[in-house]
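*Asks:* Would you mind keeping the following structure in view while I ask a few things?
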Amino acid sequence: MYLTAVEEAFGADIDYAMLVKLYENDSQAETRYSPAECMGCHSVGNTGRPAPKHISTSYVERQNLTMRMSMRRFTRLTNGFSKKVENHAWMLAIYYMHYNFCRTHKTLRVTPAMAAGLVDHAWSLEEIVLLAR
C-alpha cells in the first residue's frame with residue numbers, strides 16, 4: 001500500500017521506511033489552531049534495510065515549514081490563495097525552480113542544483129523565464 005510510488009520511482013533496490021506519528025483523539029480539534037499532542041510513532045513500509053536512526057520526519061517537516069513561510073498561499077487565514085489548481089501548480093513550479101536553481105543556501109554556500117552538479121552557476125530569474133517560452 002505505501003510502497004507503490006517509491007517502488008515505481010526507484011525499483012526494489014532502495015532502503016526506504018516511513019515514520020507514522022500517532023496523535024491523540026481530541027474532541028476539540030475542530031475549534032483550535034494548535035495540533036493534537038503526538039502520542040508516539042512507528043515505522044511502516046520498510047523496503048530494503050533502512051537504518052533505524054535515519055528514519056525521521058525532520059527533513060520533510062523542515063521543507064514544509066520553509067514552503068509555508070515562503071509562500072503565503074500555504075498558511076491559514078490568508079487571502080493569498082490560488083483560485084485555480086492550475087495556478088497553484090504553476091506557483092509551486094516557480095517556487096521550487098527559484099529555491100533549487102537561484103537561491104544560494106547558507107549551509108551549502110551554493111544553490112542545491114549546483115551542489116548536485118546539475119548546473120555550474122546560480123541561475124537568474126531571467127533564465128527561468130526563458131525556460132517557460
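Read-outs: derived from the displayed coordinates by stated rules, not from any lab. Note that the coordinates shown come from a computational prediction; the quantities given were computed from them, not determined experimentally. Heads up, the Cβs are rebuilt from the backbone with ideal geometry, glycines too, and the neighbour counts pull from every protein chain shown.
*Asks:* Which far-off residues, 5 or more places away or on another chain, put their amide H under 5 Å from the one on Thr111, with H placed in the peptide plane?
*Replies:* Amide H to amide H, under 5 Å and 5 or more residues apart or across chains, Thr111 pairs with His105.
*Asks:* Tabulate in residue order the Karplus-calculated ³J(HN,Hα) for the stretch 126-133, using 6.51 cos²θ - 1.76 cosθ + 1.60 with θ = phi - 60°, rounded to whole Hz; enter x for Gly and Pro.
*Replies:* 4, 5, 5, 5, 5, 5, 6, 5
*Asks:* Working only with C-alpha atoms, what are the Rg and Dmax values of the chain, expressed in angstrom?
*Replies:* Both quantities, over Cα of the chain: 18.8, 53 Å.
*Asks:* Here's a follow-up. Please find the FRET efficiency linking Thr66 to Glu86, where r is the Cβ-Cβ separation and R0 is fixed at 25 Å, and quote it to the nearest 0.05.
*Replies:* Working: r = 24 Å, r/R0 = 0.94.
The pair Thr66/Glu86 has a calculated efficiency of 0.60.
*Asks:* To continue, here is another question. Cut-off under 26 Å on the C-alpha distance; same-chain residues fewer than 8 positions from Lys21 excluded. Which lysines are left, in chain and number order?
*Replies:* Lys53
*Asks:* Further, regarding this structure: Can you figure out the FRET efficiency of Ser58 with Arg133, using R₀ = 41 Å and their beta-carbon distance, to the nearest 0.05? Can you show the working numbers first?
*Replies:* Values: r = 38 Å, r/R0 = 0.94.
The value I calculate is 0.60.
*Asks:* Something else now. What does the charge dipole of the stretch 58-132 about its Cα centre add up to, to the nearest 20 debye, if the Cβ of each Lys and Arg holds +1 and the Cβ of each Asp and Glu holds -1?
*Replies:* On the way: 10 positive and 5 negative charges, 100 e Å.
The calculation lands at about 480 debye.
*Asks:* Let me ask something else about it. Between rounded, prolate and oblate, where does the stretch 58-132 land on the alpha carbon gyration tensor, with a ≥ b ≥ c its root eigenvalues, rounded for a/c under 1.5, else prolate if a/b exceeds b/c?
*Replies:* Values: a/c = 2.68, a/b = 1.40, b/c = 1.91.
Oblate shape, in that a/c is at least 1.5 and b/c is the bigger or equal ratio.
*Asks:* Contour minus end-to-end for Ala51 and Ala36, with contour as 0.36 nm per residue of separation and end-to-end as the Cα-Cα distance?
*Replies:* Values: separation 15, 0.36 × 15 = 5.40 nm, distance 2.83 nm.
Stretched out fully, the Ala51 to Ala36 stretch lengthens by 2.6 nm.
*Asks:* Whole-Hz ³J(HN,Hα) for each residue in the stretch 103-119, computed from phi via Karplus 6.51 cos²θ - 1.76 cosθ + 1.60 with θ = phi - 60°, x for glycine and proline: what do you get?
*Replies:* Working through the residues one at a time gives 7, 7, 8, 4, 6, 7, 6, 8, 6, x, 5, 5, 5, 7, x, 7, 9 Hz.
*Asks:* Cβ under 15 Å from Glu127's Cβ, Glu127 left aside: what net charge do those residues give with Lys, Arg +1 and Asp, Glu -1?
*Replies:* Details: positive: Arg103, Arg133; negative: Asp120, Glu126.
Cβ neighbours under 15 Å give a net charge of 0.
*Asks:* Gain in length, Met18 to His105, computed as 0.36 nm per residue apart minus the alpha-carbon separation, to one decimal in nm? Don't skip to the end; give the middle numbers.
*Replies:* Numbers: separation 87, 0.36 × 87 = 31.32 nm, distance 2.69 nm.
So the extension gain works out to 28.6 nm.
*Asks:* Once the dipole of the chain is set up with Lys and Arg at +1 and Asp and Glu at -1 on Cβ about the Cα centre, which of Ser124, Thr111, Val20 lies farthest towards its positive end?
*Replies:* Ranked along the dipole, the leading option is Ser124.
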